[in-house]
Structure formats: structure tokens, C-alpha cells
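The values are calculated or read from the model by the stated rules, or taken from the named source; none is laboratory data. All figures in this text were calculated on a predicted structure; none of them were measured in a lab. Cβ: placed from backbone, ideal geometry, glycine included. Neighbour counts: every protein chain shown.
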Amino acid sequence: MAVFILLADDLAILPPAAERNDLGVLNFALTDKELPAWFPLRLNTHSWRFLLPELNRRYPNQEMALRGVMAEAPDTVITPEGARTEAMLDLHFVVLNGTEETTAIIFRIDFTSSADFFIDTPAATAGPVIRIGAHIAYGSCNITTQASTIGPVDAWLLNDTLAALLKGVVVPALNKLAERGVQIPLAVKQFELVHPALTYAQDYLVVETDFTFIA
């Protein structure tokens, strides 16, 4: 039996903040075509006339886009009870008018989610490698208005609507990244890992595994 310790910093299942603009993987853009059919509102200012009346008054019946930018790289906190991910997202409400775009509102969304880590040994790798990935489940969020060009906006009026967007659109997109995980090569090349398992501890994960010798 072999035991490995993985610190929280080793579990960067999403690219770090310094790389996000180059890679573009932590940012997203949605037009009405990409918005799921079940979402109660469409990306047209008229559809938001009851929640954001001033938006529709200034930009009547115009198409919109939602753009999300991670203000900071998501942070993973590990405890013996499990793991959670904390993230800070800026959600831009963009009005489309031909070739012109106007950012009308920016909401800051602080949200938490649980992170269920998993481990496997990917095939076709040189030497023993373990892959740590995670599945993220939405927890809660706090929404504030970061900027507005249409006057005061009460973010709490949109809390349920934006929370539904996080659950149904943003978190599934993050899961596509998190489930890819990170591959961690092991220094000992002559062993093959057998039945690796994870245990949660304070600020780190413990990997326990059997191994066989490779001649």
C-alpha cells in the first residue's frame, strides 16, 4: 500500500487567474441561441421589462448577450467533511444594436458549490500517472450590482433568475473543465497503480493505492 498527499494548491482543476485571459476557458458568452429553452427569460430587452424596466425603456426590444468573466480564479477549500469551491463571477448584460454593443449592467456574483473529487489512472500515459478531477454542484450565491449605465438596479430582484442561470448554465460549463482534471505524474516509473482511492483531510487529499511492479 502506498500513500500520497495532495495539497489544495495541487488541485487546480481550473486554469489559474494569470492564464484565464490567454486560454479564454473561464469566460463565456451567451446569445439567445445558446440560452437553454427552459430558461424563463429570453435575451431580448423586452423579455426583461418587468425585472429591468429601465433597460427596456432605454433599449426597447433589442437583442442582448450575457458575458461572464471570472473576477478571480475559483478557489477550492478542502476539509475532512468534503470540499467546496468558491468563485467570483462578473456577469455583463450587453445590448446588441447591429455592430454596436453596450454594456448596460455588470452584476458581481459570489457563489459557492460543493466539489466531489474523483481519481483514476488514465491510459496511454508514460509512467504511473493519477488524474484528479471533480464534479461541481451549485450551493448558494450572493449578487450585487457592480456597474450600471441605466441607473440604480436592485440586484436582489434578479436573485432567483440569476441563480437559475448559474445552476443550469454556468456550473455545467465549469464541470466540463473540472471533470477533465489534472494529471499528476509519479516519480517511480516501475510501478503500476491499482485501485487508487481518495480521502478528504484538512487542506489536502490523501491518495491510497495498491501497486504492482512492472518488470
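At a glance:
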read-out: Selected residue (only one of Leu177, Leu198, Leu205, Leu193 is closer than 17 Å to His135 by Cα and modelled with pLDDT under 75); value: Leu177
read-out: Thr125 polar (S, T, N, Q) and modelled with pLDDT under 90; value: yes
read-out: Residues of the stretch 174-186 satisfying the condition of being within 15 Å of the chain's Cα centre (by Cα) and surrounded by 13 or more Cβ atoms within 10 Å (Cβ to Cβ); value: Leu174, Asn175, Leu177, Ala178, Glu179, Arg180, Gly181
read-out: Residue check for Leu96: touching a Phe, Trp or Tyr at 6+ places or on another chain (Cβ under 6 Å), within 26 Å of Arg42 (Cβ to Cβ) and not polar (S, T, N, Q); value: no
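Conditions (1) buried (at least 19 other Cβ atoms within 10 Å of the Cβ); (2) free of Cβ contacts under 8 Å to residues at least 40 places away in the same chain; (3) closer than 21 Å to Leu158 by Cβ, marked per residue:
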| site | (1), (2), (3) |
| --- | --- |
| Pro60 | no, yes, yes |
| Ala71 | no, yes, yes |
| Pro74 | yes, no, no |
| Gly82 | no, no, no |
| Met88 | no, yes, yes |
| Gly98 | no, yes, no |
| Ile105 | yes, no, yes |
| Ser113 | yes, no, yes |
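Residue-by-condition table, conditions (1) surrounded by fewer than 19 Cβ atoms within 10 Å (Cβ to Cβ); (2) over 11 Å from the mean Cα position of the chain (by Cα):
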| residue | (1), (2) |
| --- | --- |
| Ile136 | no, no |
| Ser140 | yes, yes |
| Thr145 | yes, yes |
| Pro152 | yes, yes |
| Asp160 | yes, yes |
| Leu166 | no, no |
| Val169 | yes, no |
| Pro172 | yes, no |
